Amino acid sequence: MTKAERAYIITGTIIGLTALLLQFYVSITVLMQEGSSFLEAAIKYLSYFTILTNLLVTLCLSFLWLKPVSAPGIFFSRPLVKTALAVYILIVGII
C-alpha cells in the first residue's frame, strides 16, 4: 500500500466515522424529542440505505487501515467486495 493510498483510507475512515456519529446524535436527539424511545430511534436510524451504505464503506476502510491481514480485512480487500461497495455508494450519491 502506498502512502497516498494509506492517506486516502485514513481520511475516508475519519470522515465516515465522524459523519455517522454526528448523524446518529442528531437523529437520536430529534426522534427522542418526538417521543420515540432510544431503541426505536436507533432502529429508525439504521433503517436507511444511506446510513447502512456509509456504515459499510466506513467499516471497509477501517479494516483496510487497522487490520488489513485479518479475516474482515482480507474480505474487504477483495475486488468484488470493493466493487459492490462502490456501486452501493454510487446509488446513494445518485439518489
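Within segment 1-46, how many residues are part of a loop (DSSP other than H, G, I, E, B) and within 27 Å of residue 64 (Cβ to Cβ)? Residues flagged as part of a loop (DSSP other than H, G, I, E, B) and within 27 Å of residue 64 (Cβ to Cβ) within segment 1-46 amount to 3. For segment 74-89, the set of residues classified as of a type outside the set (A, V, I, L, M, F, W, C) and either closer than 18 Å to residue 7 by Cβ or in contact (Cβ under 8 Å) with a residue 24 or more places away in the chain (or both) consists of 77, 82, 88, listed by residue number. Scanning segment 12-33 for residues that are without any contact (Cβ under 8 Å) to a residue 40 or more places away in the chain and within 13 Å of the chain's Cα centre (by Cα) returns 14, 15, 18, 19, 20, 21, 22, 23, 24.
Quick one: in segment 42-70, of everything that is among the aliphatic types (A, V, I, L, M) and open to solvent by 80 Å² or more (accessible area, probe 1.4 Å), which residue is farthest from residue 5 (Cα to Cα)?
Start the filter on segment 42-70 by keeping residues that are among the aliphatic types (A, V, I, L, M), which leaves 42-43, 46, 51-52, 55-57, 59, 61, 64, 66, 69.
Remaining after also requiring open to solvent by 80 Å² or more (accessible area, probe 1.4 Å): 43, 46, 66, 69.
Details: 43: 34, 46: 29, 66: 13, 69: 16 Å.
The residue in question is 43.
The numbered conditions (1) free of Cβ contacts under 8 Å to residues at least 12 places away in the same chain; (2) within 19 Å of residue 17 (Cα to Cα); (3) surrounded by 15 or more Cβ atoms within 10 Å (Cβ to Cβ) are all true for residue 36 except (2).
Which of the residues spanning segment 1-28 are open to solvent by 50 Å² or more (accessible area, probe 1.4 Å) and either of a type in the set (Ser, Thr, Tyr) or in contact with a Lys or Arg (Cβ under 7 Å, 6 or more places away or on another chain) (or both)? If the condition is that a residue be open to solvent by 50 Å² or more (accessible area, probe 1.4 Å) and either of a type in the set (Ser, Thr, Tyr) or in contact with a Lys or Arg (Cβ under 7 Å, 6 or more places away or on another chain) (or both), then 2, 8, 11, 18, 25 are the ones that fit.
The values are calculated or read from the model by the stated rules, or taken from the named source; none is laboratory data. Since the structure is predicted, the reported quantities are computational estimates derived from the model, not experimental observations. Note: ideal-geometry Cβ built from the backbone for every residue, glycine included; neighbour counts use all protein chains shown. To get the accessible areas, we keep the full protein, side chains included, count just its heavy atoms, and leave off ligands, DNA and RNA. Shrake-Rupley method; radii C 1.70, N 1.55, O 1.52, S 1.80 Å.
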